[in-house]
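Reviewing the structure listed below.
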Amino acid sequence: MGMGVGGGGEAAAMAAVEEEGKEEGEGGKGWRAKSKLSAAVAMVGVALALSGVLVLHRSLRHNALVKAEEGIVCMCEERARMLQDQFAVSVNHVHALAILVATFHYEKQPPALDQDTFADYTARTSFERPLLSGVAYAQRVMHADRETFERQQGWIIKTMKHEPSPAQDEYAPVIYSQETVSYIEGLDMMSGEEDRENILRSRATGKAVLTRPFRLMSNHLGVVLTFPVYLVDLPPDAKVEDRVAATAGYLGGAFDVESLVENLLRQLAGNQELVVNVYDVTNRSNPLVMYGSEVPLGAPSPSHTCTLDFGDPFRNHHMICRYRSKPHVPWSAITTPSGVFVILMLVGYIIYAAWTRYDSVKEDCRKMEALKKRAEAADVAKSQFLATVSHEIRTPMNGVLGMLDMLLDTELKSTQRDYAQTAQICGKALISLINEVLDRAKIEAGKLELESVPFDLRSILDDVISLFSSKSREKGIELAVYVSERVPEILLGDPGRFRQIITNLVGNSIKFTERGHIFVQVHLADHSNLATEPKVESVANGINGHIDETSVVSTSVSHNTLSGFEAADSRNSWENFKALLSYDTNNMAYGSDSENVTLVVSVEDTGIGIPIHAQGRVFMPFMQADSSTSRNYGGTGIGLSISKCLVELMSGQINFVSRPNVGSTFTFTAVLQRCERNAINVSKSALLHPLPSSFQGLSTLLVDKRPVRATVTEYHLQRLGIASKSVRTIEQALSVLLGRNGTSLTSMPRKQLSMLLVESDSWDLKRDIPLRTRFSEMKQNGCESVFPQVILLALADSDKMKAEYAIDSVITKPLKASTLAACLFQSLGISITQANNEKKHHGPDSLYALLLGKNILVVDDNKVNLRVAAGTLKKYGAKVECVESGKDALELLQAPHKFDLCLMDIQMPEMDGFEATRQIRAIEAKAHNGDNSEPGSTAKKTGWHLPVLAMTADVIQATHEECTKNGMDGYVSKPFEEKQLFKAVQKFLGPSASS
């Protein structure tokens with residue numbers, strides 16, 4: 001079988017290698033083609049990137065030019081607006097002077113204004129007119145009034161050339177002038193042709209009128225502003241005739257245009273960038289420069305022209321602005337395209353690298369797929385190997401456990417029964433050890449699932465105690481278990497996995513403990529806050545950093561623990577234990593109404609502890625403290641790893657506190673479900689193991705100097721229905737028995753006081769001789785029936801101990817309810833086998849009721865397995881027929897046949913179980929078509945379908961799936977137990993199957 005498995009795996013691996021080589025050849029050709037394609041794509045990408053960069057550069061240059069044009073428009077408009085505003089302010093000042101002249105020269109009699117006053121006023125207010133080089137007033141004089149006027153003034157009217165003015169209709173001689181232009185006093189402003197036209201336009205419109213640009217005395221270009229002065233106020237819509245008639249004179253001012261523009265540009269930032277020109281364009285064919293150099297109107301772009309409004313409707317003025325030099329190409333038009341090109345190259349490189357990486361990853365995936373196929377082939381071979389090994393180991397174990405089970409059904413003494421049960425439990429533990437490696441494989445594959453069935457937690461803990469009882473007695477250490485009364489009697493969960501966790505933890509404690517005790521406690525999470533709250537000292541990840549590994553703990557000091565030795569976790573002290581007991585005695589309700597029950601389980605030992613440097617890797621698989629651990633204590637280092645995974649599957653957590661040379665305390669939580677006994681299916685009630693009720697109403701007195709150990713003993717007595725009271729010394733026990741000092745068992749009548757239980761280390765023979773003497777005196781007086789039987793609780797049993805202590809019996813520890821029950825049964829003379837048989841045959845839906853009278857065919861090539869299976873089935877009333885091959889089974893199952901059930905082994909020579917089942921189904925199909933059944937036969941009733949259950953020692957999921965695939969109805973793992981067998985056959989042989 002092993003060679004077949006190896007050959008199949010090797011063939012699959014070779015096929016995978018050949019396929020991988022072919023794929024690598026095809027992949028190499030494709031790789032070269034992809035490389036050429038990648039180079040071509042890269043070149044096209046670079047060309048497209050360059051084209052895009054050039055387009056971007058031109059776009060940026062165009063945008064920069066547009067922005068420059070927008071900037072020059074904005075700046076030119078701003079300068080034109082400010083120039084117009086400042087010119088308007090100056091015009092307003094001239095207008096104010098005109099009003100001043102009209103008011104003080106014409107409306108006052110005699111006039112309040114003369115040349116000196118005018119000159120002084122204009123000089124003192126010249127700061128208000130910084131753009132005017134001077135102002136003067138010319139009076140309107142008619143020709144008829146010329147002589148009178150000249151006589152009054154004392155000078156004659158002269159022309160602009162300083163010659164006597166010729167005769168004309170009217171004159172406009174300057175009578176008042178600012179000191180800066182005093183040279184024009186007496187000159188006729190109407191002697192010049194252009195001045196005359198300006199004066200006539202001014203008085204006809206009532207607005208300021210400008211002259212053409214000319215050179216002022218400062219050699220700056222300027223214009224003359226002329227404003228009419230009326231004798232009376234005129235409405236805005238006055239006629240020309242009325243304006244001419246009301247005209248009294250003309251006020252004029254010389255404007256320095258160059259100074260005006262320069263002051264304006266000086267106030268504004270950025271004037272160095274612009275060249276500004278102001279033109280008089282009244283004659284568009286011959287524009288006159290008012291400011292700036294002689295630049296033609298068609299200046300090179302970019303430039304902007306603004307229209308200036310100086311208030312003279314007869315003259316037009318323009319401002320032309322342009323940059324001093326041609327705008328430079330902005331750096332952004334160079335750097336941005338360059339940066340974009342670099343980015344495009346980087347992006348292209350990234351895409352190319354990603355593409356290349358994708359191809360590489362794709363190629364790696366192809367190789368990994370090939371490796372995966374090889375690994376799967378190896379996994380199949382491994383699974384077949386594990387199935388074979390599992391079958392080969394479980395097959396002899398099936399015989400061992402089956403024979404032990406048959407042995408337990410015979411008449412045995414209590415000690416013999418205990419030995420046989422212990423051997424049976426050890427065999428089951430061996431099976432569990434075999435399963436650990438398989439469990440680890442299931443955990444790693446994520447295929448481990450928990451079942452949910454009702455179970456008795458206390459019975460499971462008793463089984464664990466039985467498993468390690470001999471080892472604990474051999475080492476002389478106390479092994480005890482205590483379950484809080486508040487923990488429900490029946491729980492829903494996975495009992496096998498819960499037992500596995502406890503077994504691993506207690507097994508480790510037994511292995512590493514040479515003195516002291518191992519104490520297992522189970523409480524409800526809501527009631528164990530005192531035991532689980534953090535310590536004052538920081539303990540992280542189970543490491544107590546304050547403990548020196550080399551320290552040696554003195555054992556001369558007795559501690560209030562189970563054995564008197566110090567425990568690692570001080571939180572599990574007697575004080576906290578008493579607080580937890582108070583929850584039980586006060587009948588305090590569970591703190592949660594949910595169906596879930598959270599248990600806190602602690603396993604405390606006083607062993608060697610875990611070295612500090614190794615505490616961080618305790619839960620790592622196949623890891624131990626050091627190499628000497630495996631050499632001195634054995635083990636694989638996988639148990640705690642599996643326990644941690646199982647605890648997490650139960651929605652719990654596991655942690656520990658360990659102190660070198662003191663001990664370790666492992667604590668874990670598990671979330672289970674409540675299950676009331678009356679809610680359990682009748683078919684499942686057979687799976688529970690209730691304790692006998694024969695001891696109800698009995699009472700006992702316990703002598704134990706250690707309160708923790710006394711509480712544990714009372715817990716086991718209470719489970720049997722025995723009332724108990726504990727005292728610490730023999731003297732106190734005598735006082736209670738004899739009623740001294742008013743002390744008596746008022747709650748326990750003397751006639752019902754059945755036993756006096758005494759712990760061996762609480763009975764000092766030297767000090768407690770009076771007890772033996774008193775008992776002897778009472779026996780001589782014939783009063784021994786009044787006193788209870790004296791039973792010693794000790795770690796070892798011997799006849800010498802009975803004689804030495806003068807006692808009736810010895811109960812060897814560790815204690816469990818079944819041990820106490822067996823001892824009492826023997827003392828009372830009750831047959832245990834009879835009680836077991838009565839319990840075994842209870843109820844119509846028990847395994848006995850299911851199998852009674854049923855014809856069952858067992859097919860197995862192993863004679864021991866046949867003997868075990870036949871013995872087990874006959875025990876429950878079945879009619880069993882055995883054959884050793886699949887061919888023999890086919891001969892017996894030719895229709896019609898008498899069998900109700902067939903148990904078929906899978907691995908058999910000549911014809912295995914799968915092939916035999918397929919042929920059975922073919923026979924049934926043929927018989928069904930021919931309908932050759934006999935009246936009342938089972939085949940007819942079941943539609944020619946015989947239930948076939950595989951008897952397999954394999955625990956691999958693939959084996960279970962193969963059973964269903966080949967027509968089997970289920971399977972029973974070897975070695976099978978009553979619980980498993982009942983569950984498997986119930987749906988085929990139960991009442992529901994018959995209906």
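The values are calculated or read from the model by the stated rules, or taken from the named source; none is laboratory data. Just so we're clear, the structure is a prediction, and the values are computed from it rather than from any experiment. Methodologically, a virtual Cβ is constructed for each residue, glycine included, from the backbone with ideal geometry; neighbour enumeration extends over all protein chains shown. Keep in mind that these areas ignore ligands, DNA and RNA; they rest on the heavy atoms of the full protein, side chains included. Shrake-Rupley method; radii C 1.70, N 1.55, O 1.52, S 1.80 Å.
Overview of results
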quantity: Mean Cβ neighbour count within 10 Å, used as a protection proxy, ranking 854-863, 450-459 highest first; calculated: 854-863, 450-459
quantity: Probe 1.4 Å, protein heavy atoms only - accessible area per residue of the stretch 125-173 in square angstrom; calculated: 57
quantity: Residues of the stretch 208-266: accessible area per residue with a 1.4 Å probe, Å²; calculated: 46
quantity: FRET efficiency, 1/(1 + (r/R0)^6) with R0 22 Å, evaluated for Thr103 and Ser218 via beta carbons; calculated: 0.10
quantity: Surface share of carbon and sulfur [accessible, 1.4 angstrom probe, percent] for the stretch 440-513; calculated: 43
quantity: Distance cut-off 15 Å, percentage of C-alpha pairs in the stretch 442-503 lying past it; calculated: 60
quantity: Two-site label geometry, Lys382 and Asp85: point separation in nm, points 7 Å out along Cα→Cβ; calculated: 9.0
quantity: The stretch 211-226 versus the stretch 867-904: alpha-carbon centroid distance in Å; calculated: 140
quantity: FRET efficiency, 1/(1 + (r/R0)^6) with R0 56 Å, evaluated for Lys987 and Lys475 via beta carbons; calculated: 0.75
quantity: Area projected by the alpha carbon convex hull of the stretch 42-135, averaged over all directions, nm²; calculated: 8.6
quantity: Stretch gain in nm, segment Leu852-Ser693, where the contour uses 0.36 nm per residue and the Cα spacing is subtracted; calculated: 54.5 nm
quantity: Highest to lowest packing among 208-218, 656-666, scored as the average C-beta count within 10 Å; calculated: 656-666, 208-218
quantity: Stretch gain in nm, segment Val41-Thr117, where the contour uses 0.36 nm per residue and the Cα spacing is subtracted; calculated: 18.0 nm
quantity: Share of carbon and sulfur in the accessible heavy-atom surface of the stretch 62-179 [1.4 Å probe, %]; calculated: 53
quantity: Ordering of 353-362, 394-403 by burial proxy (mean other Cβ atoms within 10 Å per residue, highest first); calculated: 394-403, 353-362
quantity: Under the Karplus curve 6.51 cos²θ - 1.76 cosθ + 1.60, θ = phi - 60°, whole-Hz ³J(HN,Hα) for the stretch 166-179, x wherever Gly or Pro sits; calculated: x, 5, 7, 5, 8, 9, 9, x, 7, 10, 10, 8, 6, 4
quantity: The stretch 309-363 - percent of accessible surface contributed by carbon and sulfur, probe 1.4 Å; calculated: 69
quantity: Modelled label reach - Arg61, point 7 Å along Cα→Cβ, the stretch 340-377 residues with backbone N closer than 20 Å; calculated: 340-342
quantity: Too-long pairs where the Cα-Cα distance tops 21 Å, listed order kept, from Lys875/Lys974; Lys413/Lys863; Lys578/Lys705; Lys887/Lys983; calculated: Lys413/Lys863; Lys887/Lys983
